[in-house]
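A short write-up of the structure that comes next.
The values are calculated or read from the model by the stated rules, or taken from the named source; none is laboratory data. Keep in mind the model is a prediction, meaning the values are calculated, not measured. Virtual Cβ from ideal backbone geometry, glycine too; neighbours counted across all protein chains shown. To get the accessible areas, we keep the full protein, side chains included, count just its heavy atoms, and leave off ligands, DNA and RNA. Shrake-Rupley method; radii C 1.70, N 1.55, O 1.52, S 1.80 Å.
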Amino acid sequence: MEGNANEDLIIPFLQQSNGETVKEAMKVAGFQIAEFLEQDIAVCRLKIKGMSCTSCSESIESSLLIVEGVKKAVVGLALEEAKINYDPNITNTNQIIEAVVDAGFEADLIGPEIDANKVHIKLEEECRLIIGYDPNFTGPRSIMSFISANYQASLYIPERKRDTERNHEIKVYRNLFFWSCFFSIPVFIFSMVLPMIPPYGNWLSYKIHNMLTIGMVLRWILCTPVQFFIGRRFYVGSYHALRRKSANMDVLVALGTNAAYFYSIYTIIKALFSDKFEGQDFFETSTMLISFILLGKYLESTAKGKTSAALAKLTDLAPDTAWLLTMNNEGNILSETEINTRLIERNDVLKIFPGSKFPVDGIVINGQGYVNESMITGEAIPVVKNPGDRVIGGTVNENGCLLIMATHVGSETALSQIVQIVEAAQLARAPVQKLADQISKFFVPAVVLVAVVTWMGWFIPGVAGIYPKSWIPKAMDEFELALQFGISVLVVACPCALGLATPTAVMVATGKGASQGVLIKGGNALEKTHKVNTVVFDKTGTLTIGKPEVVSAVLFSRISMEEFCNTAIAVEANSEHPIAKAVVKHAKNRLQNHKSQTTNSAVVKDFEVHPGAGVGCKVGSKTVLVGNKKLMRSFNVSLSSEVETYFSDNENLARTCVLLAIDGKVVGAVAVTDPVKPEAARVVSFLRSMSIRSIMVTGDNWSTATAIAKEVGIENVFAETDPLGKADRIKDLQAKGMVVAMVGDGINDSPALVAADVGMAIGAGTDVAIEAADIVLIKSNLEDVITAIDLSKRTISRIRLNYVWALGYNVLGVPVAAGILFPFIGIRLPPWLAGACMAASSVSVVCSSLLLQTYKKPFASTR
């Protein structure tokens, strides 16, 4: 679209119109439209409050999916967020939020922790603007300058909602717990302590009227605020759960506390109107139960906040300010200005002092120094940076003053991409979570049924005299004893622990992995990775360093070396393959050494890539092929014995030979070597010790592939394989029952990464490789393959341990609460103690997941 006077007028209209209206408006404005693509899917994220267990998240998902236009909805219990894909032509965020509210939960629209190419501006202390922009055309500083010319404007830094809301939640539960204790501790003292130490508690037995005592009235007065005001959230949660025909933990707590409270009210009424009634109230059961549950919620919220600590640390890596340089055409510095990092634009020149952090990704244009990248890659050893080297935002310049040019800003930076991947991973649901989802569907109704059966099982035999009266504690009758057992069953059962078992472990593991340079895209990737028994490695850039160098060049005809080099440059300059770049570099250096000119006057036409073989094109009137034997044979180019000998000699030295043919005849060749990574053999050996098989697949020739494989200890090799062939080899292995992980770094690895059970893009790879991968290994170190597999195994083991604890707790806790041990050893679980056990179970599961924070790489002990 060329510049147009109507452009300024049409832009505001475009932002408020649907697809067809936009299309017509653009035609009216004079623009030619070759093809119009309408964006049918939008994505929004919601912060959801009030979820307590898996049934809550399932109810929200069901409510969202009912909304017309919603395509997909994922709700994360531990993260307390939802991600919704919807059609903006059918519905909007207000209707989506309304659906969540109708389901009984609070919802707020949120954005990512690092706003994607948006600038927040405050106008004259009142109005706040959020302006999105395309960094290819403008930037936040330019927008600020334009607005400041007409208004009093300043940069506004929004609060991080996730941290703010988490801290608010912790504060709310803490305050509720303290207020609950303010009332429940006196109730506990009046009912359980003072009556046991006469004469200090005798005054509590003073009768006001008939059998109504001062102690009963005081306990009722102190219990009521706890039951109906402090414990209001349980009533609200129960109401909404029952309204949507489901049940959750709130229902169990409300049933248990109401049973204790209203039975106690019954005893007060009977005591008021009877001069012979002797009954015991259970006000302390209600208050202590609510207090312990609130304590558990407070501790659980605090612990859940720590599960996302790694993500919070990542978002804090970028510095607040940076030094912007203004330079003239000669490269002289005209001025230095300290600016907010949110105002940095692409191509800005920034000055990084020793000890300072890099604010954005960029390229060093002046200076030399060592950079600590451990916070991004997990690599502790500082990396030397020279002009032309790339730097990552958030890393630290340890020494030397560097000038960098910003290349990636806003959502494009590596740090922003990492945060977005981790956020998505923490929201994704692992398949192992299905166990908790299935159990949650019948858990609460089953517990209520067991509680009723427990009450009947103690009350009816007691009335019938089946068990001795000595079993009934003093001041209780059969009904009250049975009621205590029934309430204990209601409140001891804990669906929360089951719901938190998987998401909390996934949150900690993905955050820990990110801090170690391993980005795991959610629970599904974690679960698949722990099953891997076969790892398929690409060769170039994966097992090898990925920076090929030409070590020899030879001519097989009367063509001059100058013509050979110029032809190679003309053809290979159009290819992005590492070997092609190595050939171009060598050819240019050779021409410079011979003081020859690089001539690019020949026009390259019909350039065609032959995956796994090479390239072909027309250079002027000549047909040129550059590639391996496979390419030559496919075009019926004959290979002389001299060419075959050169090929075999170099292949035996693990070198790759590239042939250049002109008009059907091989005129020359180069031998390229790509050194094997120093840790490759060690990684293959370590995988073998884990009973994991290693295989190499490459488009290179068999001789070179076999030599490389022998050097690193790999026995199984697939060579001369194109990208689709790599994917086919993966499928063949899967057909034999193997769980396959593919490790690659380039575009030609993408089909195999997708075909594998687990795709690992190493060295941050290309954008396509990253998109296709389940796991992104930021560094080019193969040891991170071990880290990814080992971390996934540890995480799945921790999830299983969490399930064993959560299920085991309920399997053991419910029978004990029902009184199964009481006839034999006299042990009874009072309701308030049962509530404390329930709260402790959720906290223990979260703390169990937090132990993954102590994870260390398996190679750390061998270095």
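Give the stretch 673-715 a look and list any residue that's charged (D, E, K, R) and either in contact with a Pro (Cβ under 7 Å, 6 or more places away or on another chain) or in a strand (DSSP E or B) (or both), or say none.
Across the stretch 673-715, the qualifying residues are Asp674, Arg693.
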(Q) Looking for something modelled with pLDDT of 85 or more and open to solvent by 40 Å² or more (accessible area, probe 1.4 Å) - is there at least one such residue anywhere in the stretch 152-173? (A) yes
Q) When the stretch 792-822 is examined, which residues are found to be touching a Lys or Arg at 6+ places or on another chain (Cβ under 7 Å) and open to solvent by less than 10 Å² (accessible area, probe 1.4 Å)? A) Gly819
Q | Search result, residues across the stretch 729-751 that are in contact with a Pro (Cβ under 9 Å, 6 or more places away or on another chain) and at pLDDT 80 or above | A | Ile730, Pro751
Q: Go through the residues of the stretch 803-816 one by one and say whether even a single one is assigned to a loop (DSSP other than H, G, I, E, B), over 27 Å from Phe283 (Cα atoms), over 18 Å from the mean Cα position of the chain (by Cα) and at pLDDT 80 or above.
A: no
Q: Mind checking which strands (runs of 3 or more DSSP E) fall wholly inside the stretch 340-417 and carry at least 1 residues that are surrounded by fewer than 19 Cβ atoms within 10 Å (Cβ to Cβ) and modelled with pLDDT of 90 or more?
A: 349-352, 361-366, 402-408
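The rows are residues; the columns are (1) within 17 Å of Trp220 (Cβ to Cβ); (2) among the aliphatic types (A, V, I, L, M); (3) at pLDDT 80 or above.
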| position | (1), (2), (3) |
| --- | --- |
| Tyr235 | no, no, yes |
| Arg244 | no, no, no |
| Met249 | no, yes, no |
| Phe262 | yes, no, yes |
| Phe273 | yes, no, yes |
| Lys276 | no, no, no |
Q. Checking Ala259 against (1) aliphatic (A, V, I, L, M); (2) under 19 Å from Ile290 (Cα atoms); (3) out of contact with any Leu (no Cβ under 8 Å at 6 or more places or on another chain), which test does it fail?
A. (3)
Q. Across the stretch 63-81, what is the number of residues that are touching a residue at least 60 places away in the same chain (Cβ under 8 Å) and either farther than 23 Å from Val508 by Cα or in contact with a Gly (Cβ under 8 Å, 6 or more places away or on another chain) (or both)?
A. 2
(Q) Take Lys779 and tell me if it is modelled with pLDDT under 85, within 20 Å of Gln516 (Cα to Cα) and surrounded by fewer than 21 Cβ atoms within 10 Å (Cβ to Cβ). (A) yes
Q) For the stretch 454-509, how many residues are open to solvent by less than 10 Å² (accessible area, probe 1.4 Å) and either at positive phi or not in a helix (DSSP H, G or I) (or both)? A) 2
Q: Could you pull out the residue among Pro112, Pro88 that is farther than 25 Å from Val422 by Cα and either outside any loop (DSSP other than H, G, I, E, B) or modelled with pLDDT under 90 (or both)?
A: Pro88
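Among the listed residues Lys512, Lys539, Lys547, Lys521, identify the single one that is among the charged types (D, E, K, R), open to solvent by less than 10 Å² (accessible area, probe 1.4 Å), touching a residue at least 60 places away in the same chain (Cβ under 8 Å) and touching a helix residue (DSSP H, G or I) at 6+ places or on another chain (Cβ under 8 Å).
Lys539
Going by the conditions given, is Phe292 under 30 Å from Gly104 (Cα atoms) and in contact with a Cys (Cβ under 8 Å, 6 or more places away or on another chain)? Before you say what the answer is, go through the steps one by one.
Details: under 30 Å from Gly104 (Cα atoms): yes; in contact with a Cys (Cβ under 8 Å, 6 or more places away or on another chain): no.
Spelling it out, it is not the case that Phe292 is under 30 Å from Gly104 (Cα atoms) and in contact with a Cys (Cβ under 8 Å, 6 or more places away or on another chain).
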Q.
For the stretch 196-214, which positions are in a helix (DSSP H, G or I) and β-branched (Val, Ile, Thr)?
A. Ile214
Q.
So for the stretch 216-233 (the condition being surrounded by fewer than 20 Cβ atoms within 10 Å (Cβ to Cβ), among the hydroxyl-bearing types (Ser, Thr, Tyr) and not in a helix (DSSP H, G or I)), does at least one residue qualify?
A. no
